[in-house]
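Only the coordinates and a few stated rules stand behind these numbers; no lab work does. All of these numbers come straight from a predicted model, not from anything done at the bench. Here the Cβ positions follow ideal geometry from the backbone for every residue, glycine too, while neighbour counts run over all protein chains shown.
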Amino acid sequence: MNKKIKPIDVLVIGSGLSSLVFLQSFLKKRKKVEVISPNLNFKKLKQNNLVKHITKILPPQMIGADQKVKGYFHWNNINLKENCKVFGSMEFGGLSNYWGLQMDPDILSDIKNLSFKVKKDISKSFLEILKEFNLAGKFKNYENSFKRDNFFLIKEQKKNSLKFEEFIVGFKNSFGKRKKIGAANEVSDKFTPENFYKKFLKKKNIQFHNYFVKKIKKQGNLIEVVCSNGNSNKSFLAKKIVLGSGTVVTTKIILDYLKFTKEVKLKHHPRLFSLYLTKKKWSNTMTFQPSQVHLKPKNKTELFTSDFRPGNKLIIDSITKFKKYLYIFKPILNFFRFNMIFSNTLLNSKFSNIYLKLEKDSSLSIYSKYKNIDKIFKQISTLVYNFLRKEKKILPIKLNYFPGFGADFHYFGTLQIGGKGKLSVNENCQLLNNKNIYIIDGSIFNFSRNKYPLGLILANAKRVAKVLTK
Ligand SMILES: Cc1cc2nc3c(=O)[nH]c(=O)nc-3n(C[C@H](O)[C@H](O)[C@H](O)COP(=O)(O)OP(=O)(O)OC[C@H]3O[C@@H](n4cnc5c(N)ncnc54)[C@H](O)[C@@H]3O)c2cc1C
């Protein structure tokens with residue numbers, strides 16, 4: 001590497017929402033920034049048989065993203081074993097392009113161990129994000145709520161062991177006087193990387209480099225970032241790097257940097273997918289309606305969260321894609337879609353079962369171990385079903401499906417703040433003993449109560465930008 005090259009001050013890696021929120025705040029104080037953001041043409045990519053099991057079961061929002069998912073595993077040299085289902089996408093915006101638009105406002109529950117100042121700064125940054133994008137929902141004194149569909153009106157249920165809770169919805173709340181979520185513009189009101197970029201970053205001085213990171217190395221006080229565009233390599237030299245490449249890739253880069261070859265546990269929220277039928281239709285006009293309330297236990301509120309949304313054509317498309325025998329029933333399923341309720345139940349991260357291991361050839365293996373969680377899913381599913389029956393919301397039929405470990409799309413907890421040993425960061429999110437490496441994605445938290453992690457991730461990314469520009 002030619003050391004005469006002038007080093008970049010701060011080099012950001014990734015263009016998901018964590019990186020973009022970081023950039024917005026960073027550029028309030030700095031004039032220019034450089035970003036490694038892969039946006040490659042995958043047409044030439046050969047079949048990657050190792051991830052066929054993933055591209056077959058893409059969630060509704062990701063239909064059509066097969067090549068980007070294959071590219072992610074291929075270029076990042078990740079070997080995903082058949083017994084687990086982890087998703088990733090190499091493109092501008094990454095997985096943040098597809099999120100389900102739900103954010104837990106209870107961001108403080110999972111960071112109780114942090115100092116008072118950090119908690120205060122994270123809260124402040126969260127509030128700023130909500131205000132800047134005018135997001136729908138409630139948080140402390142922030143109230144920008146919307147009129148909920150009658151189907152899930154919240155009642156006080158004293159005798160029940162479960163309760164409904166509100167959350168932040170990833171839509172800009174500018175959808176008409178009555179403020180019904182169905183009036184949102186599903187393209188322009190969404191909190192997506194593209195919309196965020198257009199609103200806050202388009203006119204800023206950002207130099208994007210269309211490369212992906214292969215590895216990072218120490219070069220004296222600097223960090224060398226070795227990249228590729230699939231044809232040739234290029235190295236960048238930086239004084240500080242900020243990793244926002246999503247938990248899996250960020251962890252791989254750090255494991256390789258530290259030559260850490262022991263098994264690492266990836267935290268996530270195992271997800272049960274349920275289908276209920278209703279007598280009364282829950283109609284809506286949206287292509288993909290986000291859910292509007294969360295159901296949680298009153299006690300032990302960290303155990304699980306269930307969300308609910310009415311059926312739509314996208315979900316039916318996705319089901320008939322991976323359950324091919326249902327294809328001939330597609331018109332009938334579509335006809336009855338408003339009599340269907342789809343629900344995700346996300347479990348506490350203590351039920352995680354995904355492991356990462358850096359191999360000698362620098363590839364990353366991702367796998368699960370044998371673990372039967374049927375019992376806990378059965379127990380929870382019965383609780384939710386009985387609750388909905390008692391509330392007279394559903395008919396006495398339910399279908400449950402566990403899509404596999406990792407098919408919850410929430411990956412975190414590998415490099416925790418205040419964690420033990422080499423694989424941890426300090427409260428400024430600097431890697432232990434490596435102050436020029438900052439980490440801003442989900443790697444640094446354990447989301448135990450909070451089952452929709454993006455709110456806390458983004459609030460923290462904004463806070464770290466302020467730390468760096470102080
Ligand atoms: C279908 C779906 C639904 C979801 N629903 C929700 C929800 O309702 N609520 C919630 O809180 N979360 C949800 N999530 C999770 C949420 O999307 C992620 O937590 C969030 O996107 C993480 O943002 P990030 O910026 O850290 O990473 P990402 O958005 O994944 O961004 C990673 C970036 O790194 C880039 N990259 C990849 N490899 C490299 C490399 N080698 N070098 C450089 N850059 C690289 C990618 O191209 C991308 O730009 C959902 C996810 C999915 C897929």
**Request:** State the answer as a single residue: which of Met62, Phe191, Asn150 lies farthest towards the positive end of the charge dipole of the stretch 8-468, with beta carbon charges of +1 for Lys and Arg and -1 for Asp and Glu, about the Cα centre.
**Result:** Asn150
**Computed FRET value (nearest 0.05) for Lys202 with Leu108, which takes r as the C-beta separation and R₀ as 51 Å** = 0.95
**Asked** Cα-Cα pairs above 28 Å in the chain: how many percent?
**Response** 51 percent
**Request:** Could I have the simple spin-label model distance between Ser115 and Leu153, label points 7 Å from Cα toward Cβ, reported in nm to one decimal?
**Result:** 4.9 nm
**Message:** Run the simple label-point estimate for Ile376 and Glu165 please: 7 Å along Cα→C-beta, distance reported in nm.
**Reply:** 1.7 nm
**Relative contact order (%) - criterion: Cα under 8 Å, at least six apart; region: the chain** = 24 percent
**Prompt:** With r defined as the distance between the Cβ atoms of Lys28 and Asn185 and R0 fixed at 30 Å, what FRET efficiency is calculated, to the nearest 0.05?
**Reply:** 0.65
**Complete:** With +1 on the Cβ of every Lys and Arg and -1 on the Cβ of every Asp and Glu, the dipole magnitude of the stretch 179-316 about its Cα centre, in debye rounded to the nearest 20, is 260 debye
**Cα centroid of the stretch 242-273 to Cα centroid of the stretch 108-156, whole Å** = 27 Å
**Message:** Taking loop as defined by DSSP and a crowding limit of 14 other beta carbons within 10 Å, which trypsin sites (Lys or Arg not before Pro) in the stretch 198-305 fit?
**Reply:** Lys202, Lys203, Lys259, Lys262, Lys279, Lys280, Lys281, Lys298, Lys300
**Prompt:** Considering only DSSP states other than H, G, I, E and B, which chymotrypsin sites (Phe, Trp or Tyr not before Pro) in the stretch 337-377 qualify as loop sites with at most 13 other Cβ atoms within 10 Å?
**Reply:** Tyr370
**Request:** Note down the magnitude of the dipole of the stretch 8-468 about its Cα centre, charges +1 on Lys and Arg C-beta and -1 on Asp and Glu C-beta and zero elsewhere, to the nearest 20 debye.
**Result:** 660 debye
**Prompt:** Per-residue ellipticity at 222 nm for the chain, helices alone: DSSP H runs ≥ 4 residues times -39500 (n - 2.57), over residue total, nearest 500 deg cm²/dmol?
**Reply:** -7000 deg cm²/dmol
**Request:** Taking the chain as the reference, fit the longest principal axis to its C-alpha atoms, fit the long axis of helix 17-29 to the helix C-alpha atoms, and give the angle between the two in degrees, 0 to 90, nearest 10.
**Result:** 50 degrees
**Request:** Pull out the extension gain between Lys52 and Asn426, defined as 0.36 nm times the separation in residues minus the alpha carbon to alpha carbon distance; nm, one decimal.
**Result:** 130.8 nm
**Request:** Starting from the coordinates of the alpha-carbon atoms of the stretch 104-144, obtain the Kirkwood hydrodynamic radius over all distinct pairs and give the value in Å to one decimal.
**Result:** 10.7 Å
**Asked** Taking only Cα atoms, what is the 0 to 90° angle, nearest 10, from helix 313-322's long axis to the longest principal axis of the chain?
**Response** 70 degrees
**Request:** Return the distance in nm (one decimal) between the two label points of a simple spin-label model at Tyr327 and Lys215, each offset 7 Å from Cα along Cα→Cβ.
**Result:** 4.4 nm
**Item:** Burial ranking of peptide ranges 459-469, 23-33 (average Cβ count within 10 Å, highest at the top)
**Value:** 459-469, 23-33
